[in-house]
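This report refers to the structure that appears directly beneath it.
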Amino acid sequence: VTAKKSGRLVTLVRRGRRPACVMLPGTGGGLSMYLRLAGHLGTSYNVYGMLPAGVLPGDEPEDGIATMAGSVVDTLVEAGIEPELVFGWSFGGVLAFEVGHALAAAGPAPQLVIVDSSPLPRLSTPDEDEAIKDRLLAQLGPRPEPDVVERVVRTFTTQVAALSEHRAERRYDGRVLVQVCAPWDDETAVAALRRWRELAGDLTTGTLDAGHFEVFELPHLPRLISAIDDFLAGERRDR
Amino acid sequence: MPTINESAETMADTVDLDGVIARYATTEFDDSTPILEAGLESLSLVRLAVEVATDEEAEIDATRLVDVTTIGDLKTWLRELGSGSVMMTEPNTS
């Protein structure tokens, strides 16, 4: 992994001049769960991960999805990267939709791949938030640096607050793939998909057998990859 | 002027990988220590790799980090990163 010295943009796969894909992580900013998928996307794209503001030393978390999306785009512009594909899972998918809008305002609309994200405000409970936070901290291993723990928790807290306040409002004209994890027939998932349909004019949807946190694990990843490949092949056919 | 291979060897040889890793590890380690046991999570690995990979135009495949479990694996990968010889391979997802 290399990142620009300024920090947040992490090169996951780079091989000469090719179209760019940017991957936006879930809450907490961990990119490790994206690595296998990045490897697959990296056969066609140069792939970059974008750490959230707040997780690197000396960095402060940002408030609000709009601010976060703006700083993602600023970082990409600074690096001279115009992604043709923006990927996001969970919190990253919510952010990807707004990043897509911001990029489309200044250039071609990137394709968006959104996995198990909702355009509606997130109704969180303290217990659920605590469980997610514990899961994030477990990924840091048994002996994490205390500073890292503090920064991840602080960033997670601002991201959760942002999700609870955010409602996607603007219609997106680019191509969008939304994949929904199991259980996809519960009230929250159905409402989210209904709203995605209202917001995205060129929308492809699909469901995955995996749960929210299992979708990148080896038994489940091939199905997600297959859905993404079919989506991207459709774009190539339309050219 | 050195050849590409000579330059790569020089870069890899001049980086004190144990010293760089020690700045991010939270406990003592040797090559057999699992990276998480050493206190190295993905954010630390990002910062660590930035120190080692000085060529901003080199080919990179960080997806190989999936297979890095020990300090020894990490050092091998960092040596390849530092030399710009990291190969493109698609991780096995089947």
* Would you point out which residue out of A:Leu163, A:Leu136 is touching a Lys or Arg at 6+ places or on another chain (Cβ under 6 Å), under 24 Å from B:Glu41 (Cβ atoms) and either open to solvent by less than 30 Å² (accessible area, probe 1.4 Å) or part of a helix (DSSP H, G or I) (or both)? => A:Leu163
* To do: Report, by residue number, each residue of the stretch A:71-108 that is of a type outside the set (A, V, I, L, M, F, W, C) and open to solvent by less than 30 Å² (accessible area, probe 1.4 Å).
  => A:Ser71, A:Thr75, A:Pro83, A:Gly88, A:Ser90, A:Gly92, A:Gly93, A:Glu98, A:Gly100, A:His101
* To do: Could you please let me know if A:Pro61 is crowded, with 18+ Cβ neighbours inside 10 Å and under 23 Å from B:Asp61 (Cα atoms)?
  => no
* Asked: Which members of the stretch A:35-51 meet the condition of being open to solvent by 10 Å² or more (accessible area, probe 1.4 Å), within 11 Å of another protein chain (Cβ to nearest Cβ) and part of a loop (DSSP other than H, G, I, E, B)?
  -> A:Thr43, A:Ser44
* Asked: If A:Asp147 satisfies every condition in (1) open to solvent by less than 40 Å² (accessible area, probe 1.4 Å); (2) within 14 Å of another protein chain (Cβ to nearest Cβ) but one, which is the exception?
  -> (1)
* To do: Identify all residues within the stretch A:109-127 that are within 25 Å of A:Val178 (Cα to Cα) and open to solvent by 80 Å² or more (accessible area, probe 1.4 Å); write none if there are none.
  => A:Leu123
* Among residues of the stretch B:39-71, those that are open to solvent by less than 10 Å² (accessible area, probe 1.4 Å), touching a Phe, Trp or Tyr at 6+ places or on another chain (Cβ under 7 Å) and either at the interface with chain A (Cβ under 7 Å from one of its Cβ atoms) or closer than 19 Å to A:Leu9 by Cβ (or both), counted -> 2
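The values are calculated or read from the model by the stated rules, or taken from the named source; none is laboratory data. Computed from a predicted structure; not experimentally measured. Neighbour counts are summed over all protein chains in view; Cβ atoms, including those assigned to glycine, are modelled from backbone coordinates with ideal geometry. Keep in mind that these areas ignore ligands, DNA and RNA; they rest on the heavy atoms of the full protein, side chains included. Shrake-Rupley method; radii C 1.70, N 1.55, O 1.52, S 1.80 Å.
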